[in-house]
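The values are calculated or read from the model by the stated rules, or taken from the named source; none is laboratory data. None of the values given here were measured: they were computed from a predicted structure. With ideal geometry, Cβ positions are generated from the backbone for all residues, glycine too; neighbour counts draw on all protein chains shown. Please note that ligands, DNA and RNA were not included when accessible areas were found on the heavy atoms of the full protein model with its side chains. Shrake-Rupley method; radii C 1.70, N 1.55, O 1.52, S 1.80 Å.
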Amino acid sequence: WGGGGGRDPLDELVSAVQGVCGAGVKVSTVLSGMELSNRQFTTFLKKLSKRRASHECMWHVFQWGLEEMEMNVIHYNALIDSVGRVSVPQALEVYAEMRNARVPPDVYTFNSLIAACARKGQCQQALTMYHQMKELCLQPDQCTFNTLMLAYEKSKDFRGVLALQSEMLACQVVPDVVTYSMLISASQKVEKWNTTLRLYQEMQDAGVKPNQYTFSLLISGCSRRHRWRGQGRSESMHGASQLAEAMKLYETMLLNNVRPNIVTFSALITAAGEAREVDRAIQLFQEMKSMPGIKPNAYIYNALIFACERGGRWREALQVWNEMRNDPDVVPDIVTATTVLQACKTGLTQTQRSKRRAALLSRSLSRTNEAAAQGYNYHNTNRCEFSGMQ
């Protein structure tokens, strides 16, 4: 194993195992008679995980490992992490086998189990794993709490997320940028904008620098905050206020050398649309296109079409739609169709109003001309009569 200057034999083994799994052949046909050291088996599992092997493939490798290998905590952790990406019950089954084999779990074991539960939004199961972790006197870390928060954030349980923050501080675990981003995301899902601002301030006071994801969340919240306030006579005023906040965050983002991404620009253009600032939306779109590595997607085009339509600039909305149709990397979706139809409706309404106004203006001019002509004739008639009298 590992000899020579060619391809790593373990890479070939990984390819072979993935190939037979895809063809529905048992993994044991490839691994039969294979002798791997614990270190090689660990590397083998890591390579499978890195290549995103299917959970069925990992499960078959696990069954082979139980029979042929002396499994250790690293092997079990790799398997729990891989199968847990798809199936929580199978991840728990690997964990149960681990306990039966009297292999002591570590923090990474529980973090992988909690992550598996969080992906499926299974808060109670994730919390059960956390309590088992503490019963074994294992100290939870940032990853543990951040992953638990993810489970509660997905379930829109903001109180649960706040309770985890308190528990995190009680365990003397320092919140990081992921923690605060999770808290901010959870607060926005339950429409608590004031809490979002408080968390952002708390984050700054703690010396934790926001990252790309955090800024994008905050900027997205500005446009959503406008909708939370409801619709009314002060709608455009609120929209302008939220756009100003979004632009301020964007400027702070650039000052901190945090590179904006597609989500950032989508949120900014949406905020500009809510404020009916069409020119600003177009400016942001052009600015985004000038940045290397960022290409407009369906969300960006939809946001710009929406901004143009909302600002009454339906012709520009159709121009953006045509540009979107000519972009080979973007496929219009149902949101595109709905927004374009609304723009067409706006254009038709404006055209009909223009025609009515033109007709009214024409009739008004006609009446004015008739009145003027009558006045001219009356004036000339009187003038002639006056001349005759003379």
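Structure data summary
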item	result
Any chance residue 197 is outside any loop (DSSP other than H, G, I, E, B), open to solvent by 20 Å² or more (accessible area, probe 1.4 Å) and over 30 Å from residue 272 (Cβ atoms)	no
Filter pass, residue 306 being of a type in the set (A, V, I, L, M, F, W, C), crowded, with 22+ Cβ neighbours inside 10 Å and farther than 26 Å from residue 209 by Cα	yes
Residue, most open to solvent (accessible area, probe 1.4 Å), within segment 239-285, restricted to residues that are charged (D, E, K, R) and touching a Gly at 6+ places or on another chain (Cβ under 6 Å)	276
Test for residue 118: is it buried (at least 18 other Cβ atoms within 10 Å of the Cβ), more than 24 Å from residue 71 (Cα to Cα) and not hydroxyl-bearing (Ser, Thr, Tyr)	yes
Residue match in segment 83-93 (condition: more than 22 Å from residue 218 (Cβ to Cβ), modelled with pLDDT of 90 or more, open to solvent by 60 Å² or more (accessible area, probe 1.4 Å) and over 22 Å from the mean Cα position of the chain (by Cα))	yes
Matching residues, segment 45-56, being closer than 15 Å to residue 94 by Cα and either open to solvent by 70 Å² or more (accessible area, probe 1.4 Å) or over 30 Å from the mean Cα position of the chain (by Cα) (or both)	45, 56
Residue count for segment 139-170, restricted to those that are crowded, with 17+ Cβ neighbours inside 10 Å, aliphatic (A, V, I, L, M) and either outside any helix (DSSP H, G or I) or over 19 Å from the mean Cα position of the chain (by Cα) (or both)	5
All positions within segment 104-115 that are surrounded by fewer than 18 Cβ atoms within 10 Å (Cβ to Cβ) and assigned to a loop (DSSP other than H, G, I, E, B)	104, 106
Selected residue (only one of 10, 36 is aliphatic (A, V, I, L, M) and either part of a helix (DSSP H, G or I) or in contact with a Lys or Arg (Cβ under 9 Å, 6 or more places away or on another chain) (or both))	10
Tally, over segment 3-44, of residues that are within 15 Å of residue 66 (Cα to Cα), open to solvent by 60 Å² or more (accessible area, probe 1.4 Å), of a type outside the set (S, T, N, Q) and at pLDDT 80 or above	1
Candidate set: segment 57-82, residues that are among the β-branched types (Val, Ile, Thr) and within 20 Å of residue 104 (Cβ to Cβ); chosen: the one least open to solvent (accessible area, probe 1.4 Å)	80
Out of 67, 56, 93, 97, sole residue that is over 23 Å from residue 125 (Cα atoms) and not hydroxyl-bearing (Ser, Thr, Tyr)	67
Test result for residue 221, in contact with a Phe, Trp or Tyr (Cβ under 7 Å, 6 or more places away or on another chain), on the phi < 0 side of the Ramachandran plot and at pLDDT below 90	yes
Every residue from segment 75-101 that is closer than 22 Å to residue 40 by Cα and either outside any helix (DSSP H, G or I) or not β-branched (Val, Ile, Thr) (or both)	75, 76, 77, 78, 79, 81, 82, 95, 97, 98, 101
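This table checks each residue for (1) part of a helix (DSSP H, G or I); (2) under 23 Å from residue 274 (Cβ atoms).
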{"position": "319", "(1), (2)": "yes, yes"}
{"position": "322", "(1), (2)": "yes, no"}
{"position": "327", "(1), (2)": "no, no"}
{"position": "338", "(1), (2)": "yes, yes"}
{"position": "342", "(1), (2)": "yes, yes"}
